[in-house]
Amino acid sequence: MPTDAVNDVTLGPGSLAGNGVYAARDFAAGEVVVSYRLQPLDEAAYLALPAGEELFVHSYGGRRYLYPPPARFVNHSDDPSCCQDFERGCDIALRPIARGEPVTIDATEETARELDTFLDAYLHALRERSGRLLAALIDRDAVLWMAGRAVRGRDAFVTAVAEAGPVSLSEVEWFVGTGRWEALCSADARTAKGRRHQSLLLKVIRGNWQIVYHHAG
């Protein structure tokens, strides 16, 4: 966060570890209210986080990132005062925000971005037929149902989907579980072997979205 923006917001009561973010001055619509730089984490760094820090880890493109304060404490609202610019790493005022007013976002946009970027990473790994990229996105105990049989375990899963050929998806729908730790993807797929319906069950495991079950039609 830029030094000159530190005094633009302040912390107060909220729902994220008891904290929320509040405007310390008036903001006009379109102004950057909170900016941040995400910290990439590998699995070892994630496991070494102090207790409670895992709450502020999000997974984009199959990789973990830690949100810094004060951005990590921006609360959700169904009528948010800010929108998120993920490319620039900032929250932007949707309307005028008065000093003392809560700074809020629609947190479902974060989850949607997590899942969409995960799917992009998975499709890229399939097209590249890269075992290394695929393994990073699949749980060690994952199950794949394909061609009328079940394949169990990460290594067997990776081998089977890599052999199936490139995939493109359409009619993608996500169903997110309570607490955003589980999500189901329903989609139609075109592969080298024809068109099939796909269902993917994902869970957040050690801070990262992972495929735990894939029904490949």
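The values are calculated or read from the model by the stated rules, or taken from the named source; none is laboratory data. Keep in mind that what you see is a predicted model, and the values were worked out from it rather than measured. In this analysis, Cβ positions are derived from the backbone assuming ideal geometry, glycine residues included, and neighbour counts consider all displayed protein chains.
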* Selection from segment 27-52 of residues that are assigned to a loop (DSSP other than H, G, I, E, B) and either touching a helix residue (DSSP H, G or I) at 6+ places or on another chain (Cβ under 7 Å) or farther than 21 Å from Ile205 by Cα (or both) -> Ala28, Ala29, Gly30, Glu31, Tyr36, Arg37
* Structure fact -> In segment 69-85, residues that are within 16 Å of the chain's Cα centre (by Cα) and loosely packed, with under 13 Cβ neighbours inside 10 Å total 1
* To do: Among the candidates Ala125, Ala121, single out the residue that is within 18 Å of the chain's Cα centre (by Cα), modelled with pLDDT under 95 and either in a helix (DSSP H, G or I) or not assigned by TED's automatic domain parsing to the domain that holds Leu201 (or both).
  => Ala125
* Please find, within segment 5-41, the residue that is nearest to Arg64 (Cα to Cα) out of those that are modelled with pLDDT of 95 or more and acidic (Asp, Glu). => Glu31
* Could you identify the single residue in Leu55, Leu11 that is part of a strand (DSSP E or B), surrounded by fewer than 17 Cβ atoms within 10 Å (Cβ to Cβ) and of a type outside the set (Ser, Thr, Tyr)? => Leu11
* Asked: Here are some conditions: (1) touching a helix residue (DSSP H, G or I) at 6+ places or on another chain (Cβ under 9 Å); (2) outside any loop (DSSP other than H, G, I, E, B). Pro69 meets all but one. Which one does it not meet?
  -> (2)
* To do: For segment 142-167, name all the residues that are part of a strand (DSSP E or B) and surrounded by 13 or more Cβ atoms within 10 Å (Cβ to Cβ).
  => Ala142, Val143, Leu144, Trp145, Met146, Val151
* Spot the failing condition for Glu173; the list is (1) surrounded by 14 or more Cβ atoms within 10 Å (Cβ to Cβ); (2) assigned to a strand (DSSP E or B); (3) touching a residue at least 12 places away in the same chain (Cβ under 8 Å), and only one is missed. => (1)
* Are any of the residues in segment 96-111 surrounded by fewer than 16 Cβ atoms within 10 Å (Cβ to Cβ), in contact (Cβ under 8 Å) with a residue 12 or more places away in the chain, touching a Ser or Thr at 6+ places or on another chain (Cβ under 8 Å) and closer than 28 Å to Val34 by Cα? -> yes
* Mind counting the residues in segment 176-200 that are over 20 Å from Arg129 (Cα atoms) and buried (at least 19 other Cβ atoms within 10 Å of the Cβ)? => 2
